[in-house]
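Trainee: Quick one: the structure is below, questions incoming.
The values are calculated or read from the model by the stated rules, or taken from the named source; none is laboratory data. Please read all numbers here as calculations on a predicted model, not as lab measurements. Cβ atoms come from the backbone with ideal geometry, glycine included; neighbour counts cover every protein chain shown. Just so you know, the surface numbers come from the protein's heavy atoms only, side chains and all, with ligands and any DNA or RNA stripped out. Shrake-Rupley method; radii C 1.70, N 1.55, O 1.52, S 1.80 Å.
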Amino acid sequence: MSGATVETVRGPVELTELGPALMHEHIFLLEPEALQNYGHVWGASYWDEEVRVADAIAKLQALRDVGVRTLVDPTAPGLGRYIPRIQRVNAEVDLNIVVATGIYAFIQLPNFLAYRSPDAIAEFFVREIREGIDDTGVKAGFLKCCVEEFGLVGHIPRILHAVAIASVETGAPVMVHTNAAARTGLLALEALTGHGVDPSRIVIAHMGDSNDLDYLRAVADTGAWLGCDRFNIPHFNPDENRIETMARLVEAGYTGRIHVSHDAACFCDFMTGDPNFADEKPSYVHFHTKIVPRLLEAGVTQDDIDTMLVANPQRFFAPAA
């Protein structure tokens, strides 16, 4: 991997310089159309650019202060990706931020892309990997797509085909949002590998929501990565279960297939005004401050933790063999 690089908001970074990495965190989830139409439903606008940017800088600095050097942000179009805002934040924090191309959709493409072929959609992705996102100069480091509980319905097969075309052409790895309860990681793997993507280039996100070791092993045994990426989200799986399952995976020899993260964000617009999310307290430092000590107590070693945080991200972003 000597000399190999990964693209970040601030330009290419050598893989060996990624350091400890959280592999699935968002910074801002802010859909412009929602803000334009519902921004004042609760009175004053729920978005203040200066306040939110300052808050993000503080939270990312706190993450840097616990030793994390890289944050992987899979905020693809469909979640409100806006690179200039990320650039502004990153200018104030010494952190490697890797951003995504692709599409976040559970059933259907946005109208802008709905009538385009997989090849035409893939051209957008390839451009963002090779040339940059719009006119920002920032290149995407990986691709993002989804297979939710509904399965391979609507436009999802077309999106997966486009993602696969771009991944095979550029060598960029793929992250797939999946539903652990519906075991859609297997559907995602079958579709992507059927279009030529090597499973070692794929991370199945949200596998940590499952404690079904048969399912976890079935995915990992293909060579794909397990996204244990929702620590501190008890709605999907309490931390005590996540810790026990991770310890069992490590004991069974799967340390080298695991990505770690929280799926947190500095701001999630879909939580605004919704009492269902009133108790959510996203934190980028939860794994380091709360989970690592408990993993060590459960028999996971510091070497295991370092493998998940340092070695595995380097291997995921390494050029395809």
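Trainee: Being among the hydroxyl-bearing types (Ser, Thr, Tyr), part of a helix (DSSP H, G or I) and surrounded by 13 or more Cβ atoms within 10 Å (Cβ to Cβ) is true for just one of 307, 289. Which residue is that?
Mentor: Only one candidate qualifies: 307.
Trainee: Being basic (Lys, Arg), within 21 Å of residue 133 (Cα to Cα) and surrounded by fewer than 22 Cβ atoms within 10 Å (Cβ to Cβ) is true for just one of 52, 81, 85. Which residue is that?
Mentor: Just a single option satisfies the conditions, and that option is 85.
Trainee: Name the pairs whose Cβ atoms lie under 6 Å apart, with the first residue in the stretch 32-48 and over 17 Å from residue 85 (Cα atoms), the second assigned to a helix (DSSP H, G or I), and 6 or more positions between them or separate chains?
Mentor: From residues that are over 17 Å from residue 85 (Cα atoms), the pairs are 34/269.
Trainee: Check whether at least one residue in the stretch 252-260 is exposed (fewer than 14 other Cβ atoms within 10 Å of the Cβ) and assigned to a loop (DSSP other than H, G, I, E, B), and report yes or no.
Mentor: yes
Trainee: Still on this structure, please answer the following. If you go through the stretch 238-281, how many residues are under 16 Å from residue 27 (Cα atoms), at pLDDT below 95 and not charged (D, E, K, R)?
Mentor: Adding up the residues that qualify gives 3.
Trainee: Separate question: Residue 245 is checked against (1) of a type outside the set (Asp, Glu); (2) surrounded by fewer than 16 Cβ atoms within 10 Å (Cβ to Cβ); (3) over 24 Å from residue 143 (Cα atoms); (4) out of contact with any Phe, Trp or Tyr (no Cβ under 9 Å at 6 or more places or on another chain) and fails just one. What number does that condition carry?
Mentor: Looking at each condition in turn, residue 245 falls short on (2).
Trainee: Follow-up. So residue 176 ticks every box in (1) open to solvent by less than 10 Å² (accessible area, probe 1.4 Å); (2) touching an Asp or Glu at 6+ places or on another chain (Cβ under 9 Å) but one. Which box is left unticked?
Mentor: (2)
Trainee: Quick one: residue 223 ticks every box in (1) open to solvent by less than 10 Å² (accessible area, probe 1.4 Å); (2) outside any helix (DSSP H, G or I); (3) of a type outside the set (D, E, K, R) bar one, so which box is it?
Mentor: Here residue 223 meets the rest and fails (1).
Trainee: Another question, if that's okay. What are the pairs with Cβ atoms under 8 angstrom where one residue, in the stretch 214-236, is more than 11 Å from residue 258 (Cα to Cα) and the other, located anywhere, is in a loop (DSSP other than H, G, I, E, B) and polar (S, T, N, Q)? Sequence gap at least six, or different chains.
Mentor: These pairs meet every condition: 230/237; 230/261; 231/261; 232/283.
Trainee: Among (1) over 20 Å from residue 108 (Cα atoms); (2) open to solvent by less than 50 Å² (accessible area, probe 1.4 Å), which single condition is residue 134 missing?
Mentor: Unmet condition: (2).
Trainee: Do we find a residue being part of a helix (DSSP H, G or I), farther than 28 Å from residue 11 by Cα, of a type in the set (Val, Ile, Thr) and touching a Ser or Thr at 6+ places or on another chain (Cβ under 6 Å) anywhere in the stretch 168-185?
Mentor: yes
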